[in-house]
């Protein structure tokens, strides 16, 4: 029996697709994907076959491609194939062959799906793959998403064979006398997944012969728990996170009421790419260390007494902009700074801190515009002694989350000329001997 009824039931029960939609099948030539193609064909669905030749197994790879092309022709469906230099991709990206192959194939499948008008990409993952995936995730460390393993449907990917075990597939292929290509690398214990398949699963099946069925039930439970948690976290984020201009503020006292705190904190800040280790450090600092900064790859958290400030790390905030003499305006981190030069007697001084006036003869071009750095110091206008920029920010009551957004203009000799919008350096002030004046004006973009 080709298992058509449970196949159709699984598609309907999980709302994978409807009869009018076109599905792109990822077919390697192995038993799982070949059975998937036969099921789609017998069920009368609209589909095409896509095959990736990773050029890793010599003539066997060529024969796999030929087999899949002939299979598509026998079913009178479109066939798409491509060849990858998988070893080169793995070497260039410094990842494993398996990871390189995964990245290459899914990117290509999505291109074909879009270019040829398919609604979904279908892979032949089955119940055995589900068990292996969950066990791998547990060994490597996982959250709820790793415990539910492979979902029947995720965005444009569907897995309509998850209801089948590996034995189910073997039985169907044998009883229906369906030919397929056998990948000898599947028998090797070189890869982690294969070690679980050949060395771990047989022992677990001795304890529970219905292992795949048990994992299928567990997957549904964990998937439901994840949805419940995500909905709860979404409501918490809406109530705790207050958006103000370019920053988000969160009450530390309200965060500390959460239970369990580590889990909910991780889920709350997951969209901002903070690791569990960083958030553990944050929790440890709730009772002390105000002023501490915590960073992810994309965001910063500033702990300021009873308030957390969440801001995005702007790539351009870390970039030094070169300022030459003939540049009239500079864009930096969502601000615009205009530069001009006038004779001293034509200058009308404006005391607004958005303006900086400098003796042209004291400037050593090219200048630089950048964010502040630890150790920066300057001589604030009107003072004689040097002051650390960090201390200046404190005296000006500039919040931690704002100081990285303040432009700092630096002379060619590395002296700080101007903390834009706040204070210029006294050493570069205008005097009775000044002949020409360089004027900088700070504006918000769009002003």
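The values are calculated or read from the model by the stated rules, or taken from the named source; none is laboratory data. This one's a predicted model, so the numbers in the text were calculated from it and none came from an experiment. For neighbour counting, all protein chains shown are included, and Cβ atoms are generated from backbone atoms with ideal geometry for every residue, glycine included.
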message: Between 121, 196, which is farther than 30 Å from residue 265 by Cα, over 24 Å from the mean Cα position of the chain (by Cα) and at pLDDT 90 or above?
response: 196
- prompt: If you scan the range 112-122, which residues turn out to be surrounded by 13 or more Cβ atoms within 10 Å (Cβ to Cβ) and over 18 Å from residue 19 (Cα atoms)?
  reply: 112
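Rundown of residues vs (1) under 18 Å from the mean Cα position of the chain (by Cα); (2) at pLDDT below 90; (3) over 16 Å from residue 402 (Cβ atoms), yes/no style:
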| site | (1), (2), (3) |
| --- | --- |
| 269 | yes, no, yes |
| 274 | yes, no, yes |
| 280 | no, no, yes |
| 288 | no, yes, yes |
| 291 | no, yes, no |
| 304 | no, yes, no |
| 310 | yes, no, no |
message: Test of understanding: among 268, 258, 310, 301, which residue is within 13 Å of residue 240 (Cβ to Cβ) and touching a strand residue (DSSP E or B) at 6+ places or on another chain (Cβ under 8 Å)?
response: 310
- line: Among 208, 186, 194, the single one that is within 22 Å of residue 130 (Cα to Cα), assigned by TED's automatic domain parsing to the domain that holds residue 63 and in contact (Cβ under 8 Å) with a residue 60 or more places away in the chain is 186
field: Selection status of residue 248, under 24 Å from residue 393 (Cβ atoms) and either at pLDDT 90 or above or part of a loop (DSSP other than H, G, I, E, B) (or both)
entry: yes
Total residues in the range 384-403, condition part of a loop (DSSP other than H, G, I, E, B) and touching a strand residue (DSSP E or B) at 6+ places or on another chain (Cβ under 9 Å): 3
- prompt: For the range 251-283, how many residues meet the condition of being touching a helix residue (DSSP H, G or I) at 6+ places or on another chain (Cβ under 8 Å), within 13 Å of residue 302 (Cα to Cα) and surrounded by fewer than 18 Cβ atoms within 10 Å (Cβ to Cβ)?
  reply: 2
Qualifying positions in the range 3-46 - in a loop (DSSP other than H, G, I, E, B), more than 35 Å from the chain's Cα centre (by Cα) and surrounded by fewer than 16 Cβ atoms within 10 Å (Cβ to Cβ): 44
task: Give 213, 234, 167, 205 a once-over and let me know the one that is under 30 Å from residue 308 (Cα atoms) and surrounded by 11 or more Cβ atoms within 10 Å (Cβ to Cβ).
output: 234
- line: In the set 50, 90, 72, the lone residue that is out of contact with any helix residue (DSSP H, G or I) (no Cβ under 6 Å at 6 or more places or on another chain) and surrounded by 15 or more Cβ atoms within 10 Å (Cβ to Cβ) is 72
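Assess whether residue 155 counts as being on the phi > 0 side of the Ramachandran plot and either out of contact with any strand residue (DSSP E or B) (no Cβ under 8 Å at 6 or more places or on another chain) or at pLDDT 95 or above (or both).
yes
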task: Pairs only if they're at least six apart or on different chains, beta carbon under 8 angstrom, first in the range 105-128 and outside the structural domain of residue 24 (by TED's automatic domain parsing), second in a helix (DSSP H, G or I) and surrounded by 15 or more Cβ atoms within 10 Å (Cβ to Cβ); list them, first residue then second.
output: none
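Working only within the range 342-364, note down all residues that are surrounded by 14 or more Cβ atoms within 10 Å (Cβ to Cβ) and in a loop (DSSP other than H, G, I, E, B).
Within the range 342-364, 347, 353, 354, 363 qualify.
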